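The structure appears below as structure tokens.
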């Protein structure tokens, strides 16, 4: 039986076995809001393949790169922002292409773009 990428079907014990980690590690990631598994009607944690892939990324960041969980949280948030912006850029490019192909915008008209401002706070000891 094939499941959808976002379909929550894996129990915590299965995910722990697949990733060779202790179930408490998964519970810690949940407490830190790094991963939010779905819950069954009996409150049992259920993970999707997307969740498993995200946990693999967390494990890589912590084990191979030495990033602490607070750093992982920042990295995941930035990654989500980048993914969202890439999606928005692709959509805007598609709109521009459709507008150019339909000649609804005169070629001599300027394309106005809006810039986003991002602030990053770096704490120094």
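The values are calculated or read from the model by the stated rules, or taken from the named source; none is laboratory data. Quick caveat: nothing in here was measured; it's all calculated off a predicted structure. When we count neighbours, we look across all protein chains shown, and the Cβ atoms used for this are built from the backbone with ideal geometry, even at glycine.
Of the residues making up segment 1-15, those that are in contact with a strand residue (DSSP E or B) (Cβ under 8 Å, 6 or more places away or on another chain) and in a loop (DSSP other than H, G, I, E, B) are 8, 9. Candidates in segment 16-34 are the residues that are touching a strand residue (DSSP E or B) at 6+ places or on another chain (Cβ under 8 Å) and closer than 23 Å to residue 71 by Cα; of these, the one that is surrounded by the fewest Cβ atoms within 10 Å (Cβ to Cβ) is 30. Contact map, segment 18-31: residues that are more than 16 Å from residue 62 (Cα to Cα) paired with residues that are at pLDDT 95 or above and loosely packed, with under 14 Cβ neighbours inside 10 Å, Cβ distance under 8 Å, separation 6+ or inter-chain. Pairs shown: 23/13. Residues considered: 80, 73, 51. Of these, the only one that is under 16 Å from the mean Cα position of the chain (by Cα), closer than 24 Å to residue 12 by Cβ and exposed (fewer than 12 other Cβ atoms within 10 Å of the Cβ) is 80. Within segment 66-89, residues that are at pLDDT below 95 reach no partner that is loosely packed, with under 10 Cβ neighbours inside 10 Å and not in a loop (DSSP other than H, G, I, E, B) with beta carbons closer than 7 Å at six or more positions or on different chains.
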